[in-house]
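What follows is one structure encoded as structure tokens, with my remarks underneath.
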Amino acid sequence: MSAGPSVEYTWTDNQSKKVKLPAPQYIDYMATSIENLLNDETLFPTKAGREFPRDLIVVVRRIFSQLFRLFAHIYHHHFDKVLSLHEEPHFNSLFAHFISFAREFDLLDKKELLPLQPLIDILIKNEMI
């Protein structure tokens, strides 16, 4: 999966091997992985009195990184479809809220943001984030 001509995202498999995948397969793996993490009672307990793990922030950062990659892919390769559906205000608003939350809680590495940094700069300039 990619985010423009110079950014290639690879999937890390169970043996820690980086694998190039087409976007649909990468997104399927990503969604399944995030769903499994969210359903893991040891990470996100649903019973009263259960504690969250101390390293939860690492998991949340990984989730945010994966979601950011999805945004980057859509903006670089499918934004024309978003425009044709007249959904850009909603998509841009979703992205602005996502980035605002990530910035507030330091959930994304600055290097990770590079594929969409020009858009983020515009959102900051326009006081949308």
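Just to be sure I understand: with springs between alpha-carbon atoms less than 10 Å apart, which residue in Q66, Q117, Q15 has the highest mean-square fluctuation in the Gaussian network model of the chain?
Sorting by GNM fluctuation, first place goes to Q15.
From the square roots a ≥ b ≥ c of the eigenvalues of the alpha-carbon gyration tensor of segment 82-129, which class results: rounded (a/c under 1.5), prolate (a/b over b/c), or oblate? Before the final figure, lay out the partial values.
Working: a/c = 1.87, a/b = 1.74, b/c = 1.07.
Because a/c hits 1.5 or more and a/b exceeds b/c, segment 82-129 counts as prolate.
To the nearest 20 Debye, how big is the dipole of segment 23-117 about its Cα centre, given +1 on the beta carbon of each Lys and Arg and -1 on that of each Asp and Glu?
Details: 10 positive and 13 negative charges, 42 e Å.
Using only the charged Cβ atoms, the result is roughly 200 debye.
Determine the distance separating the Cα centre of segment 74-124 from the Cα centre of segment 14-68; give it in Å without decimals.
20 Å
Can you find, among T42, L21, L83, the residue sitting farthest towards the positive end of the charge dipole of segment 10-125, where Lys and Arg contribute +1 and Asp and Glu -1 at Cβ?
In segment 10-125, that residue is L21.
Starting from the Cα of I57, step 7 Å along the direction of its Cβ; do the same at S93; then give the gap between the two resulting points in nm.
3.2 nm
Cα extents of the chain along the three principal axes, largest first, in whole Å?
45, 35, 28
Here, each number is a calculation from the coordinates, and none is a lab measurement. Only a predicted model underlies this, so the values are computations on that prediction, with no experimental measurement involved. All Cβ positions, even for glycine, are placed from backbone atoms using ideal geometry, and neighbour counts span all protein chains on display.
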